[in-house]
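Colleague: Take a look at the following structure, please.
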Amino acid sequence: MAIQGIDLSIIWGVIIAFGLMMYVIMDGFDLGLGILFALIEDSRERDVMMNTVAPVWDGNETWLILGGAALYGAFPLAYAVILEALYLPLVLVLAGLIFRGVAFEFRFKAEAHRRHVWDKAFIGGSIVATFFQGVAIGTYISGIPVVDRQFAGGALDWLAPFPLLCGVGLLLTYALLGSTWLLIKTEGMLESRMRHYSRPLTYLLALVIVLICAWTAWIHADIAQRWLAGSHWMRSLLLAVLAVGAVVMIQKALRKRHSHLPFIGVAGLVFLGYLGLAISIWPNIVPPGISLWQAASPPSSQLFALIGALFIIPVILVYTFWSYHVFRGKVKVGDAYH
Amino acid sequence: MFNLDALDLARIQFAFTVSFHIIFPAITIGLASFLAVLEGCWLKTHNQVYKDLYHFWSKLFAVNFGMGVVSGLVMAYEFGTNWARFSDFAGSITGPLLTYEVLTAFFLEAGFLGVMLFGWDRVGRRLHFFATIMVAIGTLISMFWILSSNSWMQTPQGIEIVDGRVAPVDWFKIVFNPSFPYRLMHMALAAFLSTAFFVGASAAWHLLRGNDTPQIRKMLSMAMWMILVATPVQIAVGDAHGLNTLEHQPAKIAAIEGHWDNKPGEPSPLVLFGLPDMQAETTRYSLEVPYLGSLILTHSLDKQIPALKSFAKEDRPNSTIIFWSFRVMAGLGMLMLLCALAALVLRRNGALYRNKAFLWLALLMGPSGLIALLAGWFTTEIGRQPWVVYGLLRTTQAASNHGALQMSVTLALFVVIYFSVFTVGIGYMMRLVRKGPNAADARHTDDATARRPLSAAD
């Protein structure tokens, strides 16, 4: 599928991976905020939390649509069988995202005595969406059986210990992204509570990451092989060292009451986890058996969409950055936007 | 219970989620352009009425937009979860088109929406106006791509079939396929009309309650101008769209007309009303006007229009439904024209704002744009059956391999969620309408409450 020596499938693989990583980090802190909502009872503090992401959450969620659409355009077979296989978890993700998304608006429009309903919808929606995203990732890592270009597994394959553990792992990841995001955007009591939560969350997340890695290597000999065979163990070791470094850095930045560094450290840790996932399945796009090239759409499809992507994604990054810049700084209790 | 199989359930699920979804983007498209016009007028004239209206309608826009986003996300994934065989077959076309929609439209809307809704104090007036325009353009670009994709499924071209799957050959032909320009224009005007009738009905409601302010009058006036300009154009575009369908999807036209047989050498009548029966292959209780079918569809008195019996039974769309959905759409179009002309006549001496009968008509016509839009989509989508990609892939071959139980559970889940969430949201929108632009703006100016996520509404 190469045109003049350029492998379009690899480029698209990287673009989709980039889009989904943007999603995980950016909607990760939105969803994490929803998870942490459960721990904050003061309604003014809840207002502040929501307001830190109100102008940007919609753009953050758009990266998920990009991930889906790009997969659809560049690797239709992967889009078809992965989504078919993950049907029930994905429906629950979407259901969660519906409640989370509308809560942003409905919360302020409900009568005072009904507001708690939308607070609960925000918390519940965030938790359900996050947990089942994790379940979906876990099911994906475990492998999707495909026969004759069709999903050949069962409707409840995702209901297994490993995917469920991945769901817990993602809850911790997003909660930590959310708590460290609030270190950047808030002050006073709320900020110190988030600092207080971030430390144990980091350790718990590190523990779950170790568990997930060990479990993966234990049940998937082929993935363990990828990690350890030949000189690969050096790459794996480097990732592990960097991950430990990230955890140390997060804890140190938290101790020193740094505002931005903890979030950057968590984002780095997420990136490393992401890299580890990529190494584990490369060059498959539907593990264990379908490669990027087997799932690819015809080169003319990939090229057509790529022309747009290469021009437009940098522009998107510029105005996304601009929007964050416009709304920079701490959000205070009682702040009004107009 | 109704003895539905997994395919029926998948189709019902798609019809349900997409019908609910399309209401929100239609209003988003219309309101975004309306807001851009309001802000432009305000910047030019410094008339406070425009700014008040901008703030009022931006609150409704925010609620509506949010519901469009979350219901649209479902659609982006439903192609794969429920229609995996279709995605595998045609993803090389519809996938890149959807990718372009996300890249050129969704990010544009999302990126500037925050500034548009919350950025009044953070950016200058010109930059804010720019943000509003970007959001409006984003909604139009979005419509461009998704309608190109849908139209390609109706009138596919520019492709070849390789290994049993679609491979693109000429992207220009794919994007600008034969039915696309008509469908795009028809949908754009439908979105503007739906919004104009919604705005007009909101104003009429206030005027009927004696809440006669310059803001309310301006709303009604702008809505009625829009309706006056857009309705005749829409009728002409609809006619051209019909002729285009006649050329590319004659079976759909035959089903819309409930027309079963052509007698040799005789012009085709138009069935005004009747009840098409797919089993008996006839339209019962039909009220026919001779020659009119030929006249409308061939613009002649002797040529015949396609008849359903000339298509194999398994290739016929369901006439019982689309015969009526088409008539609902066309009938509402005529009522819209009546409303537009009545407004024009009453405008001359200002009776537009006082005439009770007209205000009642405007109020009752509030949902007419959306109802006509849905009826039109039902007509064109059900009329495409039994194909999902016309002439290339049958709907029966397009679905994922889910069991009926799984599909029933998810359908029930979607129905419960959509009704509980979106009816509440629409209820909040109606409450905002009831408060009206004056009260809402008074609140706005001394607004010292918390930042209002994705809305300033309360």
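The values are calculated or read from the model by the stated rules, or taken from the named source; none is laboratory data. Owing to the predicted nature of the structure, the values given are computational and were not obtained by experimental measurement. Quick reminder, even Gly has a Cβ in these numbers, built from the backbone with ideal geometry, and neighbours come from all protein chains shown.
Colleague: A:Gly125 - would you say it is modelled with pLDDT of 90 or more, within 13 Å of another protein chain (Cβ to nearest Cβ) and assigned to a helix (DSSP H, G or I)?
Modeller: Spelling it out, A:Gly125 is indeed modelled with pLDDT of 90 or more, within 13 Å of another protein chain (Cβ to nearest Cβ) and assigned to a helix (DSSP H, G or I).
Colleague: Can you name the residue in segment B:338-369 that is among the polar types (S, T, N, Q) and surrounded by fewer than 20 Cβ atoms within 10 Å (Cβ to Cβ) and, of all such residues, is modelled with the highest pLDDT?
Modeller: Going through the qualifying residues, I end up with B:Asn355.
Colleague: Would you mind finding the one in A:Ala85, A:Ala17 that is of a type outside the set (Val, Ile, Thr) and more than 12 Å from chain B (Cβ to nearest Cβ)?
Modeller: None of the others qualify; the one that does is A:Ala17.
Colleague: Moving on. Considering B:Gly391, B:Gly331, which residue is surrounded by fewer than 19 Cβ atoms within 10 Å (Cβ to Cβ) and on the phi > 0 side of the Ramachandran plot?
Modeller: One residue alone meets the criteria, B:Gly391.
Colleague: Just a yes or no: is a residue in segment A:140-163 farther than 30 Å from A:Arg257 by Cα, in contact (Cβ under 8 Å) with a residue 60 or more places away in the chain, touching a strand residue (DSSP E or B) at 6+ places or on another chain (Cβ under 9 Å) and in a helix (DSSP H, G or I)?
Modeller: The answer is yes; a qualifying residue exists.
Colleague: A follow-up question, please. Would you check if B:Tyr100 is surrounded by 21 or more Cβ atoms within 10 Å (Cβ to Cβ), in contact with a Phe, Trp or Tyr (Cβ under 7 Å, 6 or more places away or on another chain) and closer than 22 Å to B:Trp152 by Cα?
Modeller: Yes, satisfied.
Colleague: Hey, any hits in segment B:48-60 for a residue that's touching a Ser or Thr at 6+ places or on another chain (Cβ under 8 Å), more than 10 Å from every other protein chain (Cβ to nearest Cβ), touching a residue at least 40 places away in the same chain (Cβ under 8 Å) and over 27 Å from A:Leu303 (Cβ atoms)?
Modeller: So far as segment B:48-60 goes, no, none of its residues is touching a Ser or Thr at 6+ places or on another chain (Cβ under 8 Å), more than 10 Å from every other protein chain (Cβ to nearest Cβ), touching a residue at least 40 places away in the same chain (Cβ under 8 Å) and over 27 Å from A:Leu303 (Cβ atoms).
Colleague: Which ranges mark the helices (runs of 4 or more DSSP H) fully within segment A:221-320 that have 2 or more residues being at pLDDT 90 or above?
Modeller: It comes to A:232-255, A:261-281, A:292-295.
Colleague: Let me ask something else about it. Of everything in segment B:147-183 that's within 11 Å of chain A (Cβ to nearest Cβ) and assigned to a helix (DSSP H, G or I), which residue is surrounded by the most Cβ atoms within 10 Å (Cβ to Cβ)?
Modeller: Here the answer is B:Ile174.
Colleague: Only one residue in A:Leu97, A:Leu183, A:Leu164 is more than 15 Å from the chain's Cα centre (by Cα) and buried (at least 23 other Cβ atoms within 10 Å of the Cβ). Which one?
Modeller: A:Leu183
Colleague: Follow-up question, since we're still on this one. Looking at segment B:197-205, can you tell me whether even one residue there is of a type outside the set (A, V, I, L, M), assigned to a loop (DSSP other than H, G, I, E, B) and under 17 Å from B:Arg354 (Cα atoms)?
Modeller: No; the residues of segment B:197-205 include none that is of a type outside the set (A, V, I, L, M), assigned to a loop (DSSP other than H, G, I, E, B) and under 17 Å from B:Arg354 (Cα atoms).
Colleague: A further question on this structure: Restricting the search to segment A:297-312, which residues are more than 27 Å from B:Gly164 (Cβ to Cβ) and within 7 Å of chain B (Cβ to nearest Cβ)?
Modeller: Passing the criteria: A:Gly308, A:Ala309, A:Ile312.
Colleague: Can I ask one more? Please give the number of the condition A:Ser259 fails out of (1) under 30 Å from A:Lys185 (Cα atoms); (2) touching a Gly at 6+ places or on another chain (Cβ under 9 Å); (3) touching a residue at least 12 places away in the same chain (Cβ under 8 Å).
Modeller: The single condition A:Ser259 does not satisfy is (2).
Residue-by-condition table, conditions (1) outside any helix (DSSP H, G or I); (2) at pLDDT 95 or above; (3) in contact with a strand residue (DSSP E or B) (Cβ under 8 Å, 6 or more places away or on another chain):
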site	(1), (2), (3)
B:Met1	yes, no, no
B:Leu4	yes, no, no
B:Leu9	no, no, no
B:Ile12	no, no, no
B:Ala26	no, yes, no
B:Ile29	no, yes, no
B:Ser33	no, yes, no
B:Ala36	no, yes, no
B:Tyr50	no, no, no
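Colleague: Condition (residue is within 20 Å of the chain's Cα centre (by Cα) and either of a type in the set (Phe, Trp, Tyr) or on the phi > 0 side of the Ramachandran plot (or both)) applied to segment A:246-267: is it met by at least one residue?
Modeller: yes
Colleague: So which residues in segment B:65-93 are of a type in the set (Ser, Thr, Tyr) and more than 7 Å from chain A (Cβ to nearest Cβ)?
Modeller: If the condition is that a residue be of a type in the set (Ser, Thr, Tyr) and more than 7 Å from chain A (Cβ to nearest Cβ), then B:Ser71 is the only one that fits.
Colleague: Which residue out of B:Phe107, B:Phe118 is touching a Ser or Thr at 6+ places or on another chain (Cβ under 6 Å) and at the interface with chain A (Cβ under 9 Å from one of its Cβ atoms)?
Modeller: The match here is B:Phe107.
Colleague: Further, regarding this structure: Restricting the first residue to segment A:273-293 and requiring it to be hydroxyl-bearing (Ser, Thr, Tyr), which pairs with a second residue that is assigned to a loop (DSSP other than H, G, I, E, B) meet a Cβ separation below 7 Å and a spacing of at least six or different chains?
Modeller: As it stands, the answer is A:Ser291/A:Pro283, since those pairs meet every condition given.
Colleague: Return yes or no: is A:Leu277 in contact with a strand residue (DSSP E or B) (Cβ under 6 Å, 6 or more places away or on another chain) and among the aliphatic types (A, V, I, L, M)?
Modeller: no
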